[in-house]
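The values are calculated or read from the model by the stated rules, or taken from the named source; none is laboratory data. Note that the structure is a prediction, hence the values are computed from the model and not measured. Cβ sites come from the backbone with ideal geometry, for glycine too, and all protein chains shown count toward neighbours. Quick note on the areas: whole protein, heavy atoms, side chains included, nothing else; ligands and nucleic acids left out. Shrake-Rupley method; radii C 1.70, N 1.55, O 1.52, S 1.80 Å.
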Amino acid sequence: MKKAVITGAYSTRVGDLQGATCMSLHTEAGLGALADAGLAVADVDGLLCAYSFTEPHLMLASVFAEYIGMQPAYASAVSMGGVTACMLVMQAAALVEAGYCRHVLVVTGDNRLSGMRGNAVQALAEVGNQQYEQPYGMTIPAAYALVAQRYMSEFGVTSEQLAAIAVTHREHAALNPKAHMKSPITVDDVMNSRFIATPLHLLDCCLISDGGAAVVVSAADAAADLRRPGVHVLGTGQGHTHEYIVAAPSLTDFGCKRSAADALGRAGLKPADIDVVEIYDSFTITLLAELESMGFFQRGEAGVAAAAGELKIGGKLPCNTHGGLLSYGHSGAAGGMFHVVEAVEQLRGDAVGRQVEGAELALVHGDGGILSAHCSVVLGRA
Amino acid sequence: MEKPVPRPNADSAPFWEGCAAHEFRFQRCRDCGKAQFYPRAVCSHCQGRDLEWLVSAGKGAVYSVTTVYRGPSAAFKDVTPYQVALVDMDEGFRFMANVRGGEAEIGTRVRVIYEERGDQTIPQVEIGG
């Protein structure tokens, strides 16, 4: 089997990007990743895209290929919410490992902030089941809040511990000139921000941003002459348990347990081997539940670790070193791709001002829906 | 703007017809004996297709609950804050509802009541039972 490597990575500016469109962000991200790899559009034989809220096309990969003037040998678009970016990396790796493609461009991006005039929250609410959730005014924060309440009840997690996660993300974002939100916050700021759905405050929730991000996944034997040494895709895995929170088999254990076990197992690694993690953080509780379900911490210990600073750069398990969805930015499917790009930068030693010293192994994780669909990707330094 | 009204389909029509008659119907699999909610054409536990409709006694306990301060749309703005709960019914299935008649917490006993909305009747819960 051929080996898969990430040969290019790029993320656009994030925030309120007036004048940007879904396709212009795809273009900047895609061309940026190709330039980073030292490849031209004509070198790309595979194209993978996600989905867009502002341009809800049925066939986004075809739309983008046409827009940019690309005629790939393989194209597909995947719509699986926040897990999509990691899934696309897994699919791209499978394509090059199986020999169908040599260079797969994986592109995400959306102008979800400026392009939706404040309607993103309402659009996201339609994620809920039309008959059995939407009539009750369920929102995505409310669904995650139901998880948080259960988690607090069973494992003694506190609001202060969740707030510490938000604070750590903001500290990391302050080290990253590209981040959407850089102004410092304290645990008290999080606790005193208004409730969205108890126990989650405004500052427990991710941002809504414009932005785009892309990577190039190449077959190792096609990557030898490229601009930068490739970052190895060492193992990938998925886990799926439900779509709607009303039907979730557990509110404390999720598909990330299987996805991480499979990804680490295929890489021949265990959680303690990983130097840096970039894990989906749509809400503070999302990250806490995933860290414990995946085995990075025992039950009830991730919140304690966050409060003790163990998730900071320089801590025991540096986490979301770019600032995450909570403070770097969240642009739909690109939100998950920011985690992938950050892992690549960490493993290349390019994360100026926020570099985890000696980072050789990273785990990236995405979650879609209400902790419904999961994908983990283990990456290794060249 | 009106709150969302459920749109029944062939899987769910017996459930919503039951609600209109103030009767909480749920499915049980004749093969494995387990209850399920929401209604489907297949048992999600064993993939059996032989499902029977039963009527719930309408009593259960709150499995988790949150108080929502920011609703999904203008239709919910006037009623915030409101509680959204996952309720474990005594017959062994779970459903979502708003809590009426007080504030629930995890473990609170509740009973089903009905709200008329548009051309449908939707189940809710109130504290007690």
So the angle from the long Cα axis of helix A:84-97 to the longest Cα principal axis of chain A, reported in degrees to the nearest 10, equals 30 degrees
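Is the shape of the protein assembly as shown best called rounded, prolate or oblate, per the rule: a/c under 1.5 gives rounded, else a/b larger than b/c gives prolate, else oblate, with a ≥ b ≥ c the square roots of the Cα gyration tensor eigenvalues?
Working: a/c = 1.82, a/b = 1.60, b/c = 1.14.
In terms of gyration-tensor shape, prolate.
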Note on chain A: contact order normalised by length, alpha-carbon pairs under 8 Å, 6 or more apart, percent, works out to 26 percent
The simple spin-label model distance between residue B:34 and residue B:9, using points 7 Å out along Cα→Cβ, in nm, is 2.2 nm
Checked the stretch B:13-127 with the C-alpha gyration tensor, a ≥ b ≥ c its square-rooted eigenvalues, rounded below a/c of 1.5, otherwise prolate if a/b is larger than b/c and oblate if not; verdict prolate
For residue A:126 the rounded accessible area (nearest 10 Å², probe 1.4 Å, non-protein molecules ignored) is 120 Å²
Reported to the nearest 10 Å², residue A:297 has, with a 1.4 Å probe, an accessible area equal to 30 Å²
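Size of the dipole of chain A about the Cα centre, Lys and Arg at +1 and Asp and Glu at -1 on the beta carbon, nothing else charged, in debye to 20?
Values: 23 positive and 37 negative charges, 48 e Å.
Roughly 220 debye for chain A.
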With +1 on the Cβ of every Lys and Arg and -1 on the Cβ of every Asp and Glu, the dipole magnitude of the stretch A:138-228 about its Cα centre, in debye rounded to the nearest 20, is 180 debye
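Taking Cα pairs under 8 Å and at least six residues apart, what relative contact order does the stretch B:13-127 come out at, in percent?
On the way: 244 pairs, mean separation 27.1, N = 115.
The value is 24 percent.
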In deg cm²/dmol, rounded to the nearest 500, the helical mean residue ellipticity at 222 nm of chain A, built from -39500 (n - 2.57) for every DSSP H run of length 4 or more, is -10000 deg cm²/dmol
Given unit charges at Cβ for Lys, Arg (+) and Asp, Glu (-), the dipole magnitude of the stretch B:13-127 about its Cα centre in debye, nearest 20, is 260 debye
If each part is reduced to its alpha-carbon centroid, the stretch A:80-97 and the stretch A:105-170 end up apart, in Å, by 23 Å
As a percent rounded to 5, the proportion of antiparallel DSSP bridges among beta bridges in the stretch B:13-127 is 95 percent
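Net charge around residue A:136, counting only other residues with Cβ within less than 12 Å of its Cβ (Lys, Arg = +1; Asp, Glu = -1)? It would help to have the intermediate numbers written out before the result.
Values: positive: B:3, B:100, B:117; negative: A:133, B:115.
My count for the surroundings of residue A:136 gives +1.
Would you calculate a helix-derived [θ] at 222 nm for chain B, using -39,500 (n - 2.57) for each DSSP H run of n ≥ 4 and dividing by the full residue count, to the nearest 500?
On the way: 1 runs with 8 residues, N = 129.
Value at 222 nm, helices only, nearest 500: -1500 deg cm²/dmol.
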Heavy-atom accessible surface buried between A and B, both sides counted, 1.4 angstrom probe, nearest 100 Å², is 2900 Å²
So the angle from the long Cα axis of helix A:256-267 to the longest Cα principal axis of chain A, reported in degrees to the nearest 10, equals 40 degrees
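Could you tally the net charge around residue A:36, taking each other residue with its Cβ under 11 Å from the Cβ of residue A:36, Lys/Arg +1 and Asp/Glu -1?
Working: positive: A:227, A:228, A:348; negative: A:345, A:350.
Taking every other residue near residue A:36 into account, the sum is +1.
Would you work out if the stretch A:48-116 is rounded, prolate or oblate? Take a ≥ b ≥ c from the square roots of the eigenvalues of the alpha-carbon gyration tensor; rounded if a/c is under 1.5, else prolate when a/b is larger than b/c, oblate otherwise. Walk me through the numbers on the way to the answer.
Working: a/c = 2.65, a/b = 1.52, b/c = 1.74.
The shape class here is oblate.
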So the number of lysine pairs in chain A with alpha-carbon atoms under 30 angstrom apart, 8 or more residues apart or on different chains, is 13
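In the neighborhood of residue B:71, defined by Cβ-to-Cβ distances under 11 Å, what is the net charge if each Lys or Arg adds +1 and each Asp or Glu adds -1?
Details: positive: B:3, B:70, B:77; negative: B:78.
Surrounding charge for residue B:71 is +2.
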The distance between the Cα centres of the stretch A:300-337 and the stretch A:1-36, in whole Å, is 22 Å
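For the pair residue B:1 and residue B:90, what calculated FRET efficiency results from E = 1/(1 + (r/R0)^6), where r is the Cβ-Cβ distance and R0 = 41 Å, to the nearest 0.05?
Numbers: r = 36 Å, r/R0 = 0.87.
So, using R0 = 41 Å, E works out to roughly 0.70.
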Expected field for residue B:34, accessible surface area in Å² at 1.4 Å probe radius, rounded to 10, holds 110 Å²
According to the Cβ-distance criterion of 4.7 Å, cysteines of the protein assembly as shown with no possible disulfide partner are A:22, A:49, A:101, A:205, A:206, A:256, A:319, B:19
